[in-house]
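Worksheet: one structure, shown below.
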Amino acid sequence: MKKPNLKKGIEKLVKADKKKALRDFVYGKPHGERRLGDNYLPKSGLYKHREWRGVKDTMYYFNNIWLYNYGTIVGEVLKHNPILFVKGIWRYRWMGQTYLTVLHWFDRCLEGERDQVLRASAWHLNGLVKACLFQIGGMFDRDIKIGGSETLRDRTMAHDETVWGGVFYPYRDQIDNIPLQMIPYFVTCHCNSHTVLNYIDAAQSIGLPGDPCPMCQAEAGVFVQDDMPDYYRAVITSNEACDGSVGTSVIQDWMMNKPLYAMPQPMRFDDESLVENCAKEIEGAFRFIEEQMGAEFHWDELVKQLEEQNKLQRFEREKWDVAANTKYSPINAPAQALYRIFSSQYGNSYIWHETDARVKKILDKCVEQKINTFPLTRHRAIAWSCAPLYYSALGTWGYNCWGINTIINMDSLMFDMEVRTDSYENTLHDMAVYHEWAPMRRMAVGGLHHVFELWENMEKFNCDFVLMYDQLQCKGMQGCHGLFEDEFRARDINAIWIPHALPDKRTVSRREQRKIISDYMYTVMGEEPLDPSLVDFDDDNSW
Amino acid sequence: MRDLKHLIYFEDLLQEANNDLVRQGKKDGKTVLGYTCYFMPEVLLDLPGAFSVRLRAPKCTSPDMSTYYMSGRTCHYGRSLLERALEGGYNFLDAQLATETCTVTCRFQEHLDYMDDIIQNVDFKVSFTDVPFKKNENSIDHYEKQLQEKVLDFLNENYNIDTSDEALLKAIEEHNEICRIVREIGDYRKLDKPTITGYEFFVINLITMTCPKYLIKDKLLDILEDLKTREPDDKPNYKIKVVMAGAENDDPDFINLIESCGALVVADRFCYGSAESRQHIEVREGETPLRAIARHYLMTNQCARFMDQKEMRSRKQRIADLAKEYKADGVIVISNKFCEYWSYERTVTSIILPRDYELPVCSIEKEYINTASGQLRTRFQAFVESVELKKLQGGAQK
Amino acid sequence: MNKILKFAGKTVGALAAAYAGLFLVFYFDLDGKLLYYVVEPTLIKHYDRMERRDPLAVPYEQIERDYM
């Protein structure tokens, strides 16, 4: 370790511009002068100290984000059975190893953010924390492996995380539904990228080759390691998003060994003639729920939930409209991407409405006061294809380091529809279409013409740059790699391919991804970084 | 055993997709319809005035151009097909009847659709059929409608092919006749001392999928006749019998390799195999021919993409049943590298079959064209030895 | 009265000290360091040692009926 040189330090202090130092203390260093990378401890990604964002924003971060979210965790735990939470931490790797580190995920996603962006984005992340705790508590309360209630378990259904929660709306007043992999797998990768590696390895330990999509491998691995809580009576599964998802269902079915209903989406889903088939499968799911759970179809409940969900969709479009046509959107890239995919897939919840109400106030303020929220934007980017789960903060880094402001991402755009509630037929029709537009099905693994919706969305969101995620084990996107190259050339679009293996950071590290982007910015764009300390740093062992 | 009639001729035909008989069929004025998957009913593409060709890319060991388009991380089969298309090897096709049954073959077929000049034939078109993941009535309804719209209407409107019920019934009849002959040939694999090898049978079956059937029927009958008097070798040159199950394989040399290691392949339950594709299509009373075809191709299908709980589990039972029917000593389960469906299915199958059915399993991940045959040979030899040893030990215990 | 004031003063003082302490924990990322260097390694050791059900022993019964 380098020895501190006291003499030099004093000299530096004497020479320093006192006024500027005071201004930096009060308001925080302006973007362009910051050296955020200097805050990191090597390898671990921990901070020597957390970022000083000026008095107001630092205290906001401390009080309204750090303390508030730790408080939220305690409060949510107390709403459930705290003893079961402790048991759950002790029993499940995905719980203990992952979720305790959640505040560091905030740090990574919100690095460098100030003022309204800091606030709006943090509320999105807080919504996710609440939603996760709601599900974790729900799982543990019912998990008979750790002494949860059998009665509660018997009124709960599990479903593949890609089965839209809306399928259960007609029964929400009678039974509970909790997605299978959302908590033990999907969110863990964002919070703590170490955990999932155990599950990938576990899946391969029973003979699965290493080349299928690592997401599906990890989902199978949770079952192989016997790390799935036993909180449900029956299961609804799906083929979403890809062949690997179908494959992993075979292992899951075996390991779960419970009544299972498959509710697949048709593959050529943009064809109106397919909706009927999908709608009938949804009706089959209704029958399955009724038969397994003894629940009754409540039309009023379905309508109530859908109308609430439609409100969420309308606000989402409002956010997109601001992001697409102004400089005033206060939502940063990870907040937009994660909140949207989580909420649209999960379905209606009071948590989203609370969050949206808070975000709307901030959004309105930004628009009314014409606050340029990302003032050092050099490029307005659209992020396409499936993103690296272990690097949800990549968008934050892109803006801090290079001024690449990710306006929108592919997953956000999937469920862009309201479901009609005027008749059973129309509702079922729209539910089928909604179900067909599941994440990745529509734009990554679906028909080529949907994958190429990129071009129209670039225009719609006024983007001049593409962050092209290159999921190395996604057969759907790998299978049209060259056509994208051809199109990028033909349309003269700046696109950076960012290779990754979804949850598995061992294949392409975050550092390598940053290098690829930086190399492109230096060599192709001929630009210099806004924060040179962020160009290269070693966070290979970080969460 | 003495040489089988027409085998060398058939082997020659399999050297390329656009073989002599395909050229002959085209010269006869027939419409040539390509497909890749069992989900596309072959019988519908063999309607009067047309014939089907299940696409292969023999000898494609280095798919460089398609690797640019599909990267090196997709299944070699899909990439090889695209490579062959880019090389001009499928210019004889008038249409491709596509299915999105697995991602990479879907992407291959989308390239045929998207890249205007890839097939040098002005009449060339692609039609995609959506196929179900389940085997319920809803699925049959859906499949039937899709086949009507995306296959029959497409063929009728674009190629003026007669798609009436009469034409369908005729196609079913001819298809059933070919299937009957192939099944009868294949039944010689059930004998205690089979008089046909897995390799020979596979070559014959492949020919029926890749050539106009009307041009090979007489030769198939010759072979059937020939088999009636074919005697097995006094000392068989195999040590065990196996079922080969799993993903795509259209490479007879792969079976030859297995058999050269001492395992006679007596049943073929994989894509391009005969276990399902050569079953008799039954038109039930009151059923339209199209309905019968939809039902048949859905219900006989053993693809690993079916998701009904019952189906997922019964696929293992089906392999065990085949092993019993064909008196096999073990099972070789194959999947192609980067095949998502069969990676999982192979993993589970290779655990469940030995555990629940006491069937030894050799679990193999292969390429489309297997140039690294040394490694595979070692695997197969070790498997044969282990099964043989078990048999000997079992015999001694008795 | 004096006692009450003293108590209130002490309480406020304690709260202020706790607040300042928490701020130090926050600012110097002490929560992160504790989790990274102590909690996570300890839990990993525990998870790695845990006895787990043999996944390959789970029954795989054929199912007579299907959920359509």
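For region C:40-62, the set of residues classified as in contact with a Ser or Thr (Cβ under 8 Å, 6 or more places away or on another chain) and within 9 Å of chain B (Cβ to nearest Cβ) consists of C:62 only. Please specify each residue of region A:484-503 satisfying the condition of being within 14 Å of another protein chain (Cβ to nearest Cβ) and buried (at least 20 other Cβ atoms within 10 Å of the Cβ). Selection gives A:484, A:500, A:501, A:502. Would you confirm whether any residue within region B:310-320 is facing chain A (nearest Cβ under 8 Å), in contact with a Leu (Cβ under 6 Å, 6 or more places away or on another chain) and without any contact (Cβ under 8 Å) to a residue 60 or more places away in the chain? No. In chain C, counting only helices (runs of 4 or more DSSP H) that sit wholly within it, the ones holding 2 or more residues that are modelled with pLDDT under 95 and over 30 Å from residue B:348 (Cα atoms) span C:2-27. One residue stands out among those in region B:207-264 that are among the aliphatic types (A, V, I, L, M) and assigned to a strand (DSSP E or B): the one that is surrounded by the fewest Cβ atoms within 10 Å (Cβ to Cβ), which is B:240.
For region B:354-367, the criterion of being away from every other protein chain (no Cβ under 14 Å) and touching a Pro at 6+ places or on another chain (Cβ under 7 Å) is met by at least one residue. Cβ-Cβ distances below 7 Å connect the following pairs, each with a first residue in region A:177-198 that is part of a helix (DSSP H, G or I), a second residue that is of a type in the set (Lys, Arg), and a separation of six or more residues or different chains: A:195/A:93; A:197/A:506; A:198/A:93. Can we say residue A:358 is over 22 Å from residue A:302 (Cα atoms), at pLDDT 95 or above and part of a helix (DSSP H, G or I)? Taking the combined requirement at face value, the residue satisfies it.
Reported count of residues in region B:257-275, each being more than 9 Å from the chain's Cα centre (by Cα) and not small (Gly, Ala, Ser), is 7. Within region B:129-151, the set of residues being crowded, with 18+ Cβ neighbours inside 10 Å, more than 17 Å from residue B:43 (Cα to Cα), at the interface with chain A (Cβ under 10 Å from one of its Cβ atoms) and not polar (S, T, N, Q) comprises B:130, B:132, B:133, B:134, B:142.
Table: residues versus (1) touching a strand residue (DSSP E or B) at 6+ places or on another chain (Cβ under 7 Å); (2) assigned to a helix (DSSP H, G or I); (3) surrounded by fewer than 22 Cβ atoms within 10 Å (Cβ to Cβ); (4) of a type in the set (A, V, I, L, M, F, W, C).
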{"site": "A:53", "(1), (2), (3), (4)": "no, no, no, no"}
{"site": "A:59", "(1), (2), (3), (4)": "no, yes, yes, yes"}
{"site": "A:70", "(1), (2), (3), (4)": "no, yes, yes, no"}
{"site": "A:86", "(1), (2), (3), (4)": "no, yes, yes, yes"}
{"site": "A:94", "(1), (2), (3), (4)": "no, yes, no, yes"}
{"site": "A:99", "(1), (2), (3), (4)": "no, yes, no, no"}
{"site": "A:105", "(1), (2), (3), (4)": "no, yes, no, yes"}
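A single member of B:304, B:267, B:294 is facing another protein chain (nearest Cβ under 10 Å) and surrounded by 22 or more Cβ atoms within 10 Å (Cβ to Cβ), and it is B:304. Within region A:92-115, if we keep just the residues that are of a type in the set (Lys, Arg) and farther than 15 Å from residue C:41 by Cα, the residue that is nearest to the other protein chains (Cβ to nearest Cβ) turns out to be A:108.
In the set (1) touching a residue at least 24 places away in the same chain (Cβ under 8 Å); (2) under 25 Å from residue B:327 (Cα atoms), the condition left unmet by residue B:215 is number (2).
Among the residues making up region A:199-212, those that are within 14 Å of chain C (Cβ to nearest Cβ) and either crowded, with 24+ Cβ neighbours inside 10 Å or outside any loop (DSSP other than H, G, I, E, B) (or both) are A:199, A:201, A:202, A:203, A:204, A:205, A:208. Of everything listed in (1) surrounded by fewer than 19 Cβ atoms within 10 Å (Cβ to Cβ); (2) touching a residue at least 60 places away in the same chain (Cβ under 8 Å); (3) at the interface with chain A (Cβ under 9 Å from one of its Cβ atoms); (4) not small (Gly, Ala, Ser), the single unmet condition for residue B:108 is (1). Would it be correct to say that residue A:66 is at pLDDT 95 or above and within 24 Å of the chain's Cα centre (by Cα)? Yes; evaluated as a whole, the condition is true for this residue. Reported count of residues in region A:277-332, each being of a type in the set (A, V, I, L, M) and farther than 30 Å from residue A:460 by Cα, is 8. On inspection, residue B:152 passes the criterion of being in contact with a Ser or Thr (Cβ under 6 Å, 6 or more places away or on another chain) and not β-branched (Val, Ile, Thr). Out of B:286, B:330, B:374, B:394, one residue alone is in contact with a Pro (Cβ under 6 Å, 6 or more places away or on another chain), away from chain A (no Cβ under 11 Å) and of a type outside the set (A, V, I, L, M, F, W, C). It is B:330. Contact annotation: residue pairs with Cβ atoms under 9 Å, 6 or more positions apart or on different chains, pairing a residue in region A:362-389 that is in contact (Cβ under 8 Å) with a residue 12 or more places away in the chain and under 17 Å from residue A:498 (Cα atoms) with a partner that is in a helix (DSSP H, G or I) and charged (D, E, K, R), are A:383/A:411; A:386/A:411; A:387/A:411; A:388/A:510.
Across region B:64-76, the qualifying residues are those that are within 8 Å of another protein chain (Cβ to nearest Cβ) and part of a loop (DSSP other than H, G, I, E, B), and the one among them that is nearest to the chain's Cα centre (by Cα) is B:75. Test residue B:58 against the criterion of being closer than 21 Å to residue B:205 by Cα and of a type outside the set (A, V, I, L, M), and give yes or no. Criteria met by residue B:58.
The values are calculated or read from the model by the stated rules, or taken from the named source; none is laboratory data. What you see is a predicted model, and the numbers here were worked out from it, not measured in a lab. Neighbour counts are summed over all protein chains in view; Cβ atoms, including those assigned to glycine, are modelled from backbone coordinates with ideal geometry.
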